[in-house]
Amino acid sequence: MAKYEKESAFDKMLKLGKTREVLIISALSAGIMLFIMVLNIIDAAPIPLEPIDWAMIGTMAFFGPFGFYVSYKQNEIKQIERRLPDFLRDVAEAGRFGMTLADAIVVSASGRYGKLTPEIKKMAAQIDWGIPASQALELFSERVDTPLVNRVVAIIIKANDAGGNVADVLGMVSKDTKQVHLSEDEQRIAMTSYLAVIYISFAVFIVVIIILNTQFLAQMAEAGGQMEGDAVEEVDQMAGGGMGGAEIRTDIIPTIRFIFTLAVFAHSIGDGIVAGVLQTGRISEGMKHTFILTLIGFVALRILFGGIGLMN
């Protein structure tokens, strides 16, 4: 139980599979993209992309692989934890027939519990080899190593060591675990609407940026060009002129377009992290959404509407 309290869920997740290796690869990929961006800035790598393009590609290189892998591992954890109440219920039912905890686990191991089945069969085999049930449960908790499994196993071991009717404890733990899953489902359904709002608002923001870029700024540049032509004619007609006309600063249009692109980039990162926190309460889950939103923004602004010329 102390181990469960000291380690965060993210620390536990890093121990599963190749998550740490994926994080390193993602970081190296992002570093390579940023290095190419620096070479592009100093004209050492004449690749027809702007620095903001490399920044967005580097962000996607980091958040994409790691974010999707984290999401994959979290789904595996969820599938394991979802079948845990069924296993606890079967063990409790076997215990009510007078079986010991060890015998109940061995009998229940014949059931089907999805991704949890191999670990349960391994635990039952250890009990058959003479390992005490409490120790087999501890080994099971160390192998699976998810917050919910650690908490449930700690309760079962305490109840078994204290004596009494372990079946009743298992039944209550099974119901409590099931209720936790139902609460998570309700929360996820409630947060789905907020997630949709984030994506829709981001899409609206991009549409507004595109309209400003293709309509307002384009007309601003055209009007500025016409006013410059009229000003030249007035200078030719006036000898010394004392009146000045209105002026449109067309030279700042590339800067405005860069600010638009930077705003979309910043929103994609921030909105993605917020989406992950709202959906699951974990920043790591937001990395996947950050990748998706950055990809949408990159394709919309840098490829479909303006491409590299957006900065020119």
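Any read-out appearing in this document is the output of simple, stated calculations on the displayed coordinates, not a laboratory observation. Keep in mind that this is a model prediction, so the values were computed, not measured. Reconstructed Cβ throughout: ideal geometry from the backbone, glycine too, with neighbour counts over all protein chains shown.
Rounded to the nearest whole Hz, the Karplus-based 3J(HN,Hα) values (6.51 cos²θ - 1.76 cosθ + 1.60, θ = phi - 60°) of region 178-188 follow the sequence 5, 5, 4, 5, 5, 5, 5, 5, 5, 5, 5, with x at glycine and proline.
Mean sequence separation of contacting Cα pairs (under 8 Å, at least six apart), scaled by the length of region 2-181, corresponds to a relative contact order of 22 percent. With no solvent and one equal point scatterer placed on each C-alpha of region 2-181, evaluate the Debye formula and give log10 I(q)/I(0) for q = 0.12, 0.14, 0.17 Å⁻¹, two decimals. For the requested q values the scattering log ratios are -0.64, -0.77, -1.01. Each residue, Asp43 and Tyr194, gets one label point 7 Å from its Cα in the Cβ direction; the gap between the two is 5.0 nm. Note on Gln179 and Ile283: their simple-model spin labels are 3.3 nm apart, each label 7 Å out from Cα toward Cβ.
Among the listed pairs Lys115/Lys178; Lys18/Lys158; Lys122/Lys288, those with a Cα-Cα distance over 28 Å are Lys18/Lys158; Lys122/Lys288. Placing a label point 7 Å from the Cα of Leu262 along the Cα-to-Cβ line, the residues of region 50-90 whose backbone N sits under 15 Å from it are 51-56.
From least to most packed, judged by other beta carbons within 10 angstrom and beginning with the fewest, Leu88, Leu293, Leu217 follow the order Leu217, Leu88, Leu293. Highest mean packing first, where packing is the average number of other Cβ atoms within 10 Å per residue, the peptides 187-194, 207-214, 262-269 line up as 262-269, 207-214, 187-194.
Relative to the globular-protein estimate of 2.2 N^0.38 Å, the Cα radius of gyration of region 132-229 stands at 2.35. The residue among Asn150, Asn160, Val107 whose Cα reaches farthest toward the positive pole of the charge dipole of region 2-181, with charges on the beta-carbon of Lys, Arg, Asp and Glu, is Val107.
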